[in-house]
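To keep things clear, I will list the structure first and then write my remarks on it.
Please treat every number below as a calculation from the coordinates, not as lab data. Treat the numbers as computed from the prediction; the structure is a model and nothing was measured. Every residue, glycine as well, gets a Cβ built from its backbone with ideal geometry; the counts of neighbours run over all protein chains shown.
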Amino acid sequence: MDKREAVRVPVRLRAQCRADDVVIDGMVEDISRSGVFFRVPKAVEAKVIETGVATEIHLNLPGETMLQLTAKVVRVDEAGMGLVFVGGHEHSRKPLANFIMRCHATHWNWS
């Protein structure tokens, strides 16, 4: 059973993750109001970023402006990293929530 509190929707968004002096380009595969899964197998194989590291993730949401969010790495595996958003992102929360609602509505065909 999935214990997540926030609705997670599948997406394919290019993103950039920054931690210290490391910048990683990758693909966000799912997103929620609380975090993302960031696919970066080459970076993970090289053990560039580890669990517990504070990062910044830059997302270019379709129809929205570029979002810059602070996150913490909570999981690293062979496919990528699970990131949870931390800190107050009041200016980013509404565009993020709107994007997730649009994706969720599109993903579920209610007819």
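Results, tabulated for the structure shown:
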quantity: Net lengthening on full extension, THR65/ASP25 (0.36 nm per residue, minus Cα-Cα); calculated: 12.6 nm
quantity: Net lengthening on full extension, VAL86/MET101 (0.36 nm per residue, minus Cα-Cα); calculated: 3.3 nm
quantity: Charge sum, other residues only, whose C-beta stays under 14 Å from ARG18's C-beta, Lys/Arg counted +1 and Asp/Glu -1; calculated: -3
